Amino acid sequence: MKIFLDTANLEQIKHGVKMGVVGGVTTNPSLSAKEGNADYEALSKQICAIVPGPVSVEVLVEGVEAMIQQGRQIAKWAPNVVVKVPSTAEGLEATKTLSKEGIKVNMTLCFSLNQALLDALAGAAYVSPFVGRLDDIGDDGMKLVEDIVKVFKNYNFSTEVIAASIRHPQHCIAAAKVGAQIATIPYAVLLQMTQHPLTTIGISRFLADWQKVAKK
Ligand code: E4P
């Protein structure tokens, strides 16, 4: 399973890339707004320049034609940019046109298997089921990811599944177990994934033991 960072923060992205584990980035208008940079294009281009993989940038408009026009513009910003479009009837139309033009689309805000099926049929390169937001309303977000992976396999769809709205390391483990191709995770979750108390204790003990001999 590939790990993408779900953030628009340049420092977080730089660190994740330096660690050698981040294969892409997903942003959304809320995450970009959090950075306080009103220049959406400049921020998105900066992110694309840092990341050695796909960077999803969401359209900021509604309506089929407007999404197509903005999607075409966004696609010109960098060779690794992926246009993010919502999983709606209008989003499907926009995705069909953009994908036929060779533009990669990540269909976002997916909350059902039917939406995912339609997203794939419309030509989406990626579909993003939102695990945490489904869990928040008492649903089972990871079950949806599992079902999508299964159905896409049944029909050999090339659309990749991005487990999104990830809240904690257990979500990551579960996404890998059910076969999601990608999990897009907050930076804090990435850091949590690196930690284990026995590793920390082990390092201290190894160094302390060596020091006992080195001091002699
Ligand atoms: C996915 O691409 C979205 O940016 C993201 O995962 C949304 O997650 P949230 O529920 O934490 O806002």
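Look at (1) modelled with pLDDT under 95; (2) surrounded by 15 or more Cβ atoms within 10 Å (Cβ to Cβ) and you find that Ala38 fails only one, number (2).
Exactly one residue among Lys84, Lys143 is more than 13 Å from the ligand (Cβ to nearest atom) and at pLDDT 95 or above, and that residue is Lys143.
The selection criterion, being within 16 Å of the ligand (Cβ to nearest atom), open to solvent by less than 70 Å² (accessible area, probe 1.4 Å) and part of a loop (DSSP other than H, G, I, E, B), does not hold for Gly91. State whether one or more residues within the stretch 4-25 are out of contact with any helix residue (DSSP H, G or I) (no Cβ under 6 Å at 6 or more places or on another chain) and hydroxyl-bearing (Ser, Thr, Tyr). Within the stretch 4-25 (the criterion being out of contact with any helix residue (DSSP H, G or I) (no Cβ under 6 Å at 6 or more places or on another chain) and hydroxyl-bearing (Ser, Thr, Tyr)), the answer is no, since none of the residues qualifies. The C-beta contact set for the stretch 182-197 (first residue closer than 8 Å to Leu5 by Cα, second residue assigned to a strand (DSSP E or B) and among the charged types (D, E, K, R), distance under 7 angstrom, 6+ apart or interchain) comprises Thr184/Asp6; Ile185/Asp6; Pro186/Asp6. Based on this model, can you work out whether Thr108 counts as within 16 Å of the ligand (Cβ to nearest atom), out of contact with any Ser or Thr (no Cβ under 8 Å at 6 or more places or on another chain) and closer than 23 Å to Met67 by Cα? So Thr108 does not fit the description; no.
Pairs meeting the criteria (first residue in the stretch 107-122 and under 17 Å from Ser56 (Cα atoms), second residue among the aliphatic types (A, V, I, L, M) and open to solvent by 50 Å² or more (accessible area, probe 1.4 Å), beta carbons under 9 Å, at least 6 apart or on different chains) are Met107/Leu118. Counting the residues of the stretch 6-41 that are under 14 Å from Asn80 (Cβ atoms) and within 13 Å of the ligand (Cβ to nearest atom) gives 4.
Can you tell me which residue in the stretch 68-85 is most open to solvent (accessible area, probe 1.4 Å), limited to those that are touching a Leu at 6+ places or on another chain (Cβ under 8 Å) and touching a residue at least 24 places away in the same chain (Cβ under 8 Å)?
Initially, the stretch 68-85 is screened for residues touching a Leu at 6+ places or on another chain (Cβ under 8 Å), giving 68, 70-72, 75, 83, 85.
Those still in the list that are touching a residue at least 24 places away in the same chain (Cβ under 8 Å) too: 68, 71-72, 75, 83, 85.
Numbers: Ile68: 7, Gly71: 0, Arg72: 76, Ala75: 31, Val83: 0, Val85: 0 Å².
Within the stretch 68-85, the match that is most open to solvent (accessible area, probe 1.4 Å) is Arg72.
The values are calculated or read from the model by the stated rules, or taken from the named source; none is laboratory data. From a predicted model like this one, the values you see are computed outputs, not experimental measurements. Methodologically, a virtual Cβ is constructed for each residue, glycine included, from the backbone with ideal geometry; neighbour enumeration extends over all protein chains shown. Note: areas computed on protein heavy atoms with side chains; ligands, DNA, RNA excluded. Shrake-Rupley method; radii C 1.70, N 1.55, O 1.52, S 1.80 Å.
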